[in-house]
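Here is the structure we will look at.
The values are calculated or read from the model by the stated rules, or taken from the named source; none is laboratory data. Just so it is clear, the structure is predicted and the values come from calculations on it, not from any experiment. Here the Cβ is made from the backbone with ideal geometry for all residues, glycine too, and neighbour counts use every protein chain on show. Note: accessible area is taken over every heavy atom of the protein model, side chains too, but ligands, DNA and RNA are not part of it. Shrake-Rupley method; radii C 1.70, N 1.55, O 1.52, S 1.80 Å.
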Amino acid sequence: MLVIFGASGDLTARKLIPAILNLAVDGHLPKNFVVLGASRSSWSDEEFRKNVVLESKHLKSETKKEAEKIITDFADKLFYHELGADQDSDYGPLKDRIESLNKEYKTDSNYIFYLSVPPSAHESISKNLHEQDLDEETEGWRRLIVEKPFGYDLETAKELNVILQRYFKESQIFRIDHYLGKETVQNLLVTRFANSIFEPLWNRNYIDHVEITNAESGGVEKRAGYYDTSGALRDMFQSHLLQIVAFIVMEPPLSADAEEIRNEKLKALKSLRIMTDEQTLRKNTIRGQYVNSVINGEQVKGYREEEGVDPNSVTETYAALKFYVDNWRWADVPFYVRTAKRMPTKVTEVVIHFKSPHHQIFKDSGMTNKDNKLVIRIQPDEGILIKFGVKVPGQGFNVERANLDFYYSSLTETHVMEAYERLILDAMQGDATLYARADEVEAAWAFVDPILEFWKTSDAKVYGYSAGVWGPENADELIEGYGMWRNPGANLADDPGFCVIC
Ligand code: BG6
């Protein structure tokens with residue numbers, strides 16, 4: 001039984017229910033599976049079914065047509081329980097409802113509690129569940145899935161971990177980071193550890209620098225209430241991007257076992273060089289905020305004009321960092337990572353820039369940028385691209401760059417699961433490999449905290465950038481020495497420089 005707290009919220013209708021429904025359509029759910037939505041809205045079972053399934057605008061119309069019968073059967077397995085108006089209401093009635101559904105649908109007392117609620121509600125919900133012994137695994141298993149943000153800084157993250165671990169065991173806690181559910185993020189591990197051609201080069205001897213871009217074309221949308229107190233560094237970097245960094249940096253785990261992988265990720269995160277002195281922070285971090293502009297002929301609001309945003313807000317919608325990893329493998333290799341909203345396109349990619357050949361035979365080849373690149377595209381147009389030099393046919397030895405590419409879309413027979421599908425299924429099966437452990441989350445905050453503190457307390461500028469461009473003008477200063485960021489296009493093989501401002 002999946003019990004969703006925050007069942008009347010946006011995430012439930014937009015992500016969770018469509019993911020679970022896809023699992024049902026693909027035959028991954030057991031017959032005795034039920035969902036109990038719990039929330040403060042006063043809905044009936046019927047209203048819940050209508051709002052999140054039968055009349056939901058978030059279900060794809062093809063799915064609706066193809067799987068009509070499965071959908072109606074699925075909707076019949078959805079139930080709703082109204083929690084009292086305040087967070088601390090008695091969970092006795094909720095427990096009774098859970099137990100009666102358990103009996104009726106024979107769910108073997110296996111319950112997942114999904115906290116799709118703001119962090120302020122985590123404590124009271126986990127405490128109330130504990131007080132009703134709903135964390136006790138005497139019969140069946142009990143798991144708790146928690147949505148980010150996991151704290152606001154290191155201190156609050158630690159507090160949250162203490163709270164959750166007070167009422168549930170760490171092995172019962174599943175901290176969801178939806179980037180870990182993305183096939184292409186998982187494929188970072190496979191690319192590295194299932195091939196013998198990359199790993200021997202995966203170190204400071206061959207890699208010059210690593211570049212990660214996470215760009216979104218959208219703005220803050222309707223989430224100003226959360227985002228304005230968070231900002232790009234907390235929202236994307238501390239969680240999703242550091243998870244990607246951990247996959248790139250980590251040593252080979254002993255096996256694909258959850259704890260082995262998470263131990264290596266933790267070591268990787270702990271090896272990031274924490275920036276502490278003001279000079280380093282000033283030199284290696286840049287923040288920005290989008291200002292109004294015209295994109296494709298349409299007027300686009302600046303961040304401060306967005307609904308719910310403080311008109312004097314200094315919250316960053318762009319963050320770019322340069323940092324080092326202090327370990328044997330990565331010594332002196334700079335990592336450049338940036339994340340932002342209102343960029344020219346939506347794209348996430350990792351670029352491994354290899355060193356130039358140490359002895360240049362084809363000096364006068366005419367090609368200025370000879371380094372080999374491995375581009376791992378997380379989204380969209382998911383795939384892998386290798387850039388390498390080939391001879392231009394004809395006289396002499398002119399070298400041109402060519403592409404060797406692989407696209408996920410070429411694996412047509414395979415259904416690529418959405419991140420939430422994969423993660424929810426893993427939680428049901430008790431597999432925590434793709435969930436963040438308490439110590440990983442804390443290590444990520446330990447790296448991010450001094451940057452946030454520096455931004456908060458110093459005179460570090462917040463640079464403006466027009467909505468629809470690749471960030472503030474001086475962002476390239478960070479990556480000085482390498483020319484500029486690789487500004488990727490909508491397609492994997494597009495060469496940098498792509499821009500759709502008007
Ligand atoms: C969320 C952030 O975790 O990830 C959002 O809170 C962001 O601000 C989103 O837009 C991006 O996810 P994706 O999967 O669309 O890249």
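Does PRO252 fit the bill of being over 26 Å from GLY151 (Cα atoms), open to solvent by 50 Å² or more (accessible area, probe 1.4 Å) and either among the small types (Gly, Ala, Ser) or in contact with a Phe, Trp or Tyr (Cβ under 7 Å, 6 or more places away or on another chain) (or both)?
yes
So, of the residues in region 348-362 that are in a strand (DSSP E or B) and among the β-branched types (Val, Ile, Thr), which turns out to be nearest to the ligand (Cβ to nearest atom)?
Checking each candidate, the answer is THR348.
Name the residues in region 177-208 that are outside any loop (DSSP other than H, G, I, E, B), out of contact with any His (no Cβ under 6 Å at 6 or more places or on another chain), open to solvent by 20 Å² or more (accessible area, probe 1.4 Å) and in contact (Cβ under 8 Å) with a residue 24 or more places away in the chain, would you?
The answer is HIS178, GLU183, GLN186, ASN187, LEU189, PHE193, GLU199, LEU201.
Which of the numbered conditions does ILE17 fail, given that it passes all the others? Conditions: (1) within 26 Å of the chain's Cα centre (by Cα); (2) open to solvent by 60 Å² or more (accessible area, probe 1.4 Å); (3) aliphatic (A, V, I, L, M).
For ILE17, the exception is condition (2).
Return the residues of region 300-358 that are among the aromatic types (Phe, Trp, Tyr) and either closer than 25 Å to LEU272 by Cα or open to solvent by 50 Å² or more (accessible area, probe 1.4 Å) (or both); say none if nothing qualifies.
Residues satisfying the conditions are TYR318, PHE323, TYR324, TRP328, TRP330, PHE335, TYR336, PHE354.
Looking at region 132-143, is at least one residue assigned to a helix (DSSP H, G or I), modelled with pLDDT of 95 or more and open to solvent by less than 10 Å² (accessible area, probe 1.4 Å)?
Checked against the condition, which is being assigned to a helix (DSSP H, G or I), modelled with pLDDT of 95 or more and open to solvent by less than 10 Å² (accessible area, probe 1.4 Å), region 132-143 yields no hits at all.
Checking the conditions here, which among THR345, THR339 is assigned to a loop (DSSP other than H, G, I, E, B) and on the phi < 0 side of the Ramachandran plot?
Going through THR345, THR339 in turn, just one is assigned to a loop (DSSP other than H, G, I, E, B) and on the phi < 0 side of the Ramachandran plot: THR345.
Can you find, within region 151-175, the residue that is farthest from GLY9 (Cα to Cα) among those that are assigned to a loop (DSSP other than H, G, I, E, B) and open to solvent by 20 Å² or more (accessible area, probe 1.4 Å)?
Looking at the filtered set, the residue picked out is LYS169.
If you check LYS148, LYS103, which single one turns out to be basic (Lys, Arg) and free of Cβ contacts under 8 Å to residues at least 24 places away in the same chain?
LYS103
Please go through region 209-223 and pick out each residue that is in contact with a Phe, Trp or Tyr (Cβ under 9 Å, 6 or more places away or on another chain) and either assigned to a loop (DSSP other than H, G, I, E, B) or surrounded by fewer than 19 Cβ atoms within 10 Å (Cβ to Cβ) (or both).
Scanning region 209-223 gives GLY219, VAL220, GLU221.
Which condition does LYS148 not pass, out of (1) within 14 Å of the ligand (Cβ to nearest atom); (2) within 16 Å of ARG234 (Cβ to Cβ); (3) buried (at least 20 other Cβ atoms within 10 Å of the Cβ); (4) not acidic (Asp, Glu), if it passes all the others?
The number of the failed condition is (3).
Among the residues of region 224-253, how many are within 10 Å of the ligand (Cβ to nearest atom) and part of a helix (DSSP H, G or I)?
8
Where the second residue is in a helix (DSSP H, G or I) and the first is aliphatic (A, V, I, L, M) and lies in region 291-309, which pairs have Cβ atoms under 7 Å and are six or more apart or on separate chains?
Between residues of region 291-309 that are aliphatic (A, V, I, L, M) and residues that are in a helix (DSSP H, G or I), the close pairs are VAL309/ALA224; VAL309/TYR303.
For region 161-182, check the following and say yes or no: at least one residue is farther than 30 Å from LYS456 by Cα, at pLDDT below 95 and either within 16 Å of the ligand (Cβ to nearest atom) or of a type in the set (Val, Ile, Thr) (or both).
yes
So if I check each of GLY394, GLY430, GLY464, which one is of a type in the set (Gly, Ala, Ser) and without any contact (Cβ under 8 Å) to a residue 24 or more places away in the chain?
Matching residue, one of GLY394, GLY430, GLY464: GLY394.
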